[in-house]
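The values are calculated or read from the model by the stated rules, or taken from the named source; none is laboratory data. The model shown is predicted, which means the values in this text are computed figures rather than measured ones. Here the Cβ is made from the backbone with ideal geometry for all residues, glycine too, and neighbour counts use every protein chain on show.
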Amino acid sequence: MQIGPTIIEETFAEAFGMRYARLIVTAHDDYWLDAAIREFTGYSSSVIACDAETGVDQRLLPADTPDGRPGASLLVFGFSTDALAKAIPNRTGQCLMTCPTTAVYDGLPEAEERIPLGKHIRFFGDGFQKSKQVAGRRYWRVPVMDGEFLIEDKLGVRKGVAGGNLIVQAASLEAALAAVRRGTAAIDALPGVITPFPGGVARSGSKVGSRYKAIKASTADAYCPTLRGRVETQLRDNVSAALEIVIDGVDEATVGRAMSAAMRAMAGEGVIAIGAGNYGGKLGKFHFRLHELLASA
């Protein structure tokens, strides 16, 4: 299968079931909202080493936020509910409460599974914190130096899908960079998905295991241009650079739509092939077959 000059390889991406939460963060204006987002989503590219995978789901207009201020929906993915219960309060306390003017709300109020958030953060108030219940939802008002930090007591958690991916092979680094920027822009326009790596892109795609016993994952040598001739390469002729986009989403269908949109956006001049990474179907229960995604779009 081809889209213009770009070959779409007959392969599949292998993804995993994970848990996710959604935070609605608001602030006085876009400057402070951006500052809060940068802090909260920092160092969260992969749960191989990070406590969570995070990213911006959507920007929200004041009319669409609980307090009528600029806001954003943030998605946070972890391997378990317990992992999220540790990572999210820690990031919230360090990155959101510290940022001037912010407030934090639950973005999944209907979810049955719940984890504590403000219930933990409130203790920073040193006994001066106050609780308020509105429409069956409990909030905490924690005194801080610019007034009060408003935070919801608990967060909803649901099952999600993480690790959908696409690997771009291009004739030049410039063509690869341009392609992944088109791809991540197409994904950013869709609700319910994030691309947690820097700029949405991983240059250091990985394989499971290593010749070093203590290392769980190591470089995807089959896609490294400098290792041609030393390993069994997956790179096509005339490829100078390969880059990977990793996608986490609220469900299987959402990740599939994002992958399809990204493939169509990335295909073009200088992009020789688009494929995906998998482990032979043995590790992840969700298999996204590239040809099927395009055919059903």
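Quick notes
- Look at (1) among the small types (Gly, Ala, Ser); (2) buried (at least 21 other Cβ atoms within 10 Å of the Cβ); (3) closer than 26 Å to Ala111 by Cα and you find that Ala13 fails only one, number (3).
- Taken as a whole, the range 181-197 holds at least one residue that is surrounded by 15 or more Cβ atoms within 10 Å (Cβ to Cβ), touching a residue at least 12 places away in the same chain (Cβ under 8 Å) and farther than 21 Å from Leu74 by Cα.
- All strands (runs of 3 or more DSSP E) inside the range 131-174 with 3 or more residues being more than 28 Å from the chain's Cα centre (by Cα) and surrounded by 14 or more Cβ atoms within 10 Å (Cβ to Cβ): 137-144
- Selection count where residues are under 12 Å from Leu155 (Cβ atoms), without any contact (Cβ under 8 Å) to a residue 40 or more places away in the chain and not hydrophobic (A, V, I, L, M, F, W, C), scope the range 75-91: 1
- Residue within the range 275-285 that is in a helix (DSSP H, G or I), over 22 Å from the mean Cα position of the chain (by Cα) and not assigned by TED's automatic domain parsing to the domain that holds Asp57 present: no
- Among the residues of the range 221-246, those identified as aliphatic (A, V, I, L, M) and more than 29 Å from Glu39 (Cα to Cα) are Ala222, Leu227, Val231, Leu235, Val239, Ala241.
- Strands (runs of 3 or more DSSP E) wholly inside the range 198-257 that include at least 1 residues being at positive phi: none
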